[in-house]
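Accompanying notes for the structure given below.
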Amino acid sequence: MSQQDRFVLYHGTAQTFSKIEVNKGRNRKDFGKGFYMAVSKNQAIGMMHKKYKEMIARRPNLEKDQFAEILYELTIDTDYLKTLNVKQFDFANAEWLDFILLCREQGGIPHNFDVVIGPTADDDTLLCLNSYWRGFYGKVGSDEAKEKLLGYLEPENLGIQYFIGKQEIADKLVISIKEISWR
């Protein structure tokens, strides 16, 4: 396999792993329950720090040395990616927002895509989404409320992420996982 047949993505976490397990993903996330990777190394480092702090906060009775800030570099098979049912959002627009609302409201994987690529909705996004669902921006579902929500999300500042929700796809798409230094 040549360099042209692959590219690199990043994943920041607080626990080691040698194999992706999509079922360990958290529910009600941007593109569904599954495994997420960042295009930007810096974005993955930010997620790594966040996950580490969450683990420490959620499990205060466990020894802190049971967790670590870990950054992985994942090599993706682009030839295989081309054969998959991929949904790509180039911008955080109304279509992207509707998709995120669907995934976060329904949970699980409420779509049939093998891979979803698009802007990341971060913690500030969740605050904005909760305000939207409570009707603070107008009638829930209205174009006016969605337009206000998109404005508050600052979509130009959101990083790009890749989502995989099916184990068989992860097993073939990710051809190597390597821990790398983040410092």
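The values are calculated or read from the model by the stated rules, or taken from the named source; none is laboratory data. Note that this is a predicted model, so its numbers are computed, not measured. Ideal geometry is used to build each Cβ from the backbone, glycine not excepted, and the neighbour counts take in all protein chains shown. Note: accessible area is taken over every heavy atom of the protein model, side chains too, but ligands, DNA and RNA are not part of it. Shrake-Rupley method; radii C 1.70, N 1.55, O 1.52, S 1.80 Å.
Brief remarks on what is shown
- Over the chain, Cα pairs under 8 Å with separation of 6+ residues give a relative contact order of 33 percent.
- Rounded to 10°, Cα long-axis angle of helix 123-133 versus longest principal axis of the chain: 30
- Qualifying lysines (Cα of each under 24 Å from Cα of K29; at least 8 residues distant if same chain): K19, K41, K50, K51, K53, K87, K139, K146, K148, K166, K172
- Global size of the chain as Cα Rg and Dmax, reported in angstrom: 17.0, 52
- Fully extended contour minus Cα-Cα distance, from E69 to I177, at 0.36 nm per residue: 37.3 nm
- What region 142-183 shows is 61 Å² of accessible area per residue, with the surface traced by a 1.4 Å probe over protein heavy atoms.
- Diffusion coefficient, µm² s⁻¹, Stokes-Einstein with Kirkwood Rh over alpha-carbon pairs of region 134-182 at 4 °C and 1.567 mPa s: 88
- Rounded if a/c under 1.5, otherwise prolate or oblate - region 10-54, Cα gyration tensor axes: rounded
- Once the Cα atoms are used to define both axes, helix 41-58 deviates from the longest principal axis of the chain by about 80 degrees.
- Spin-label pair L84-S40: with each label point 7 Å from Cα along the Cα-Cβ axis, the two points sit 2.2 nm from one another.
- Rounded tilt (10° steps) of 143-153 against the dominant C-alpha axis of the chain: 40
- Cα gyration tensor shape for region 41-142, rounded if a/c is under 1.5, else prolate or oblate: oblate
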